[in-house]
């Protein structure tokens with residue numbers, strides 16, 4: 001019988017502590033071993049309770065979540081943490097810092113003090129994250145620079161580090177591959193769980209004179225995508241920004257889709273430029289922004305001239321969009337299993353034979369450059 005995941009719930013709000021504890025208790029294989037109403041108390045309990053995972057509020061009195069993560073890195077590197085953040089600019093910036101310090105991921109704190117509403121929110125957002133953590137556990141100590149995963153913490157099947165992926169998707173994939181014209185004129189990326197840290201490691205490897213625009217969907221709430229863009233912009237040679245409705249895309253700029261909006265490309269009135277269009281169209285794969293939504297629009301305007309990248313994340317968002325891109329001649333790069341925090345989004349495209357290269361995180365930038373230069 002597999003050992004249960006031991007969790008410690010850390011939050012200064014009693015309603016939230018109760019809601020989190022109840023939801024965790026409903027998940028098979030999870031045991032709540034204690035609660036704490038601030039970081040100082042949590043630190044005092046870690047040694048005796050020996051948790052595997054903390055659900056950790058960022059903003060707390062006496063010792064906040066960032067300070068607790070610092071403690072874990074120094075004194076309990078075998079413990080992981082899922083951060084709980086408020087939907088504010090400050091909360092977004094602190095969450096980026098938490099992810100850099102090795103937090104597994106984050107969720108938004110329920111905006112209601114009603115326990116039944118809080119539980120509904122948590123079932124939708126926390127429970128899937130816990131289940132993903134259980135399938136491929138990542139601890140603070142297993143994270144390297146920028147919080148990226150250094151080694152797998154669960155058994156994984158070996159996959160090729162690079163080289164062409166065997167195609168099993170039939171004639172459609174083959175026809176798509178033949179359309180690629182040799183040099184891409186745009187890069188599009190879909191990414192989710194583990195994404196901020198993966199982007200923070202990969203994107204600084206891209207040169208300032210890349211020569212093409214990048215359009216990116218990272219599954220995140222509103223406000224947090226702006227914090228992510230600002231954080232990446234400080235690290236990268238390329239300019240990184242949160243996309244704005246109606247702006248013309250430019251070479252050497254990376255545009256991150258705003259949380260809570262769908263993002264697509266459209267033609268300008270004169271047909272000479274490609275513009276960002278932000279919409280309130282419905283979520284796809286429960287995601288807004290959705291990689292599928294963006295990928296389809298890129299396929300419309302860059303036939304045979306697209307490099308698409310699918311990276312770490314839960315679920316399968318991006319797969320159907322990659323099928324469209326492949327049929328229109330895109331060159332597709334997939335992150336390999338060993339370097340993903342969650343091997344979800346890259347898995348189905350690889351198994352369908354849509355992916356031209358399967359490479360570890362640290363090789364993605366080089367593959368992008370080769371597809372453009």
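Using 0.36 nm times the number of residues separating residue 3 and residue 279, minus their current alpha carbon distance, what extension gain do you get? Don't jump to the answer; show the numbers that get you there.
Values: separation 276, 0.36 × 276 = 99.36 nm, distance 4.52 nm.
Here the answer is 94.8 nm.
Could you tell me which of rounded, prolate or oblate describes segment 171-372, using a ≥ b ≥ c as the square roots of the eigenvalues of the alpha-carbon gyration tensor, with rounded for a/c under 1.5 and, failing that, prolate when a/b is larger than b/c and oblate otherwise?
Details: a/c = 1.20, a/b = 1.07, b/c = 1.12.
Rounded.
Which of 270, 362, 70 has the fewest other C-beta atoms within 10 Å, and how do the rest follow up to the most? Please report the intermediate quantities before stating the final value.
Details: 270 6, 362 12, 70 15.
Ascending Cβ contact count within 10 Å gives the list 270, 362, 70.
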Length-normalised contact order of segment 5-147, Cα under 8 Å, at least 6 apart, in percent, tallies to 25 percent
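Rounded if a/c is under 1.5, else prolate if a/b is larger than b/c, else oblate: which is segment 220-297, with a ≥ b ≥ c the root eigenvalues of its Cα gyration tensor?
On the way: a/c = 2.11, a/b = 1.04, b/c = 2.03.
Verdict is oblate for segment 220-297.
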Against the longest alpha carbon principal axis of the chain, how many degrees, from 0 to 90 and to the nearest 10, is the axis of helix 89-100 turned? 90 degrees
On full extension of the chain, what length is gained from residue 237 through residue 131, given 0.36 nm per residue of separation minus the C-alpha to C-alpha distance? 34.5 nm
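By counting other Cβ atoms within 10 Å of each Cβ, how are 292, 12 ranked from fewest to most? Write down the numbers at each step before the final one.
Values: 292 22, 12 17.
By the 10 Å Cβ count, ascending, the order reads 12, 292.
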Most exposed first, judged by fewest Cβ atoms within 10 angstrom, 297, 89, 21 run 89, 21, 297
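So for segment 171-372, averaging the separation of alpha carbon pairs under 8 Å that are six or more residues apart and normalising by length, what relative contact order in percent results?
27 percent
Taking R0 as 25 Å, what FRET efficiency do you get between residue 183 and residue 87 from their Cβ-Cβ distance, rounded to the nearest 0.05? Before the final figure, lay out the partial values.
Values: r = 41 Å, r/R0 = 1.64.
Once rounded, the FRET efficiency stands at 0.05.
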Tilt relative to the chain, helix 224-235 - C-alpha long axis, 0 to 90 degrees, to 10: 70 degrees
Taking 7 Å along the Cα-to-C-beta vector as the label spot, tell me the residue 120-residue 300 distance in nanometres, rounded to one decimal. 3.4 nm
Residue 73-residue 248 pseudo-label distance in nm [points 7 Å out on the Cα-to-Cβ vector]: 4.3 nm
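Please give the calculated 222 nm ellipticity per residue for the chain, where each DSSP H segment of at least 4 residues contributes -39500 (n - 2.57) and the sum is spread over every residue; nearest 500 deg cm²/dmol? Could you put the intermediate results ahead of the total?
Numbers: 12 runs with 134 residues, N = 373.
After summing the helix terms and dividing by residue count, I get -11000 deg cm²/dmol.
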With contacts defined as alpha carbon pairs under 8 Å and 6 or more residues apart, what's the relative contact order of the chain in percent? 16 percent
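Share of antiparallel DSSP beta bridges in the chain, in percent to the nearest 5?
Working: 10 of 54 bridges.
Of the beta bridges lying entirely in the chain, close to 20 percent run antiparallel.
If R0 is 25 Å, what FRET efficiency do you get for residue 18 and residue 47 from their C-beta distance, rounded to 0.05? Kindly include the intermediate steps, with their values, before the conclusion.
Numbers: r = 25 Å, r/R0 = 0.99.
That gives a FRET efficiency of 0.50.
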Report, to the nearest 10°, how far helix 115-135 tilts away from the longest principal axis of the Cα atoms in the chain, using its own Cα long axis and a range of 0 to 90°. 70 degrees
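Computed from the coordinates by the stated procedures, all read-outs in this text should not be read as laboratory data. What you are looking at is a predicted structure, and each value in this text was computed from that prediction instead of being measured. So basically every Cβ, Gly included, is an ideal-geometry build from the backbone, and we count neighbours across all protein chains shown.
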